[in-house]
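The values are calculated or read from the model by the stated rules, or taken from the named source; none is laboratory data. All values reported here derive from a predicted model rather than from experimental measurement. Cβ coordinates were reconstructed from backbone atoms using ideal geometry, including for glycine residues, and neighbour counts include every protein chain displayed.
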Amino acid sequence: MYYEKQKESKIYRALGKSKWALEQRLDDLRWELYHKRPKYQKTHYKGKPTPKYQKLQQLEARYEQATNEALLQIKGVRRALGL
């Protein structure tokens with residue numbers, strides 16, 4: 001028995017950690033928080049950030065530190081990019 005992540009190829013796992021994938025997840029979370037139901041989605045409740053807003057902040061911090069180095073370590077990707 002395997003977890004779903006273990007079934008993914010190396011490239012897809014590296015893509016999941018790349019800056020591009022984090023940007024996609026951030027866009028989805030921002031859309032959900034600010035545009036889906038903006039009247040009811042709050043960023044703070046009783047002076048504390050909501051769990052969804054905390055998740056957004058954590059993803060933004062990870063995005064700032066993320067690089068695409070994981071992709072470059074995979075054999076074949078460097079060759080495909082011409083590096």
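Just a few scattered comments:
- Among the residues of segment 24-41, those that are outside any helix (DSSP H, G or I) and either closer than 30 Å to residue 14 by Cα or not aromatic (Phe, Trp, Tyr) (or both) comprise 37, 38, 39, 41.
- Of the residues making up segment 42-58, at least one is at pLDDT below 90, surrounded by fewer than 14 Cβ atoms within 10 Å (Cβ to Cβ), out of contact with any strand residue (DSSP E or B) (no Cβ under 6 Å at 6 or more places or on another chain) and part of a loop (DSSP other than H, G, I, E, B).
- Annotation note: of 22, 33, the sole residue that is surrounded by 10 or more Cβ atoms within 10 Å (Cβ to Cβ), out of contact with any strand residue (DSSP E or B) (no Cβ under 9 Å at 6 or more places or on another chain) and more than 24 Å from residue 68 (Cα to Cα) is 33.
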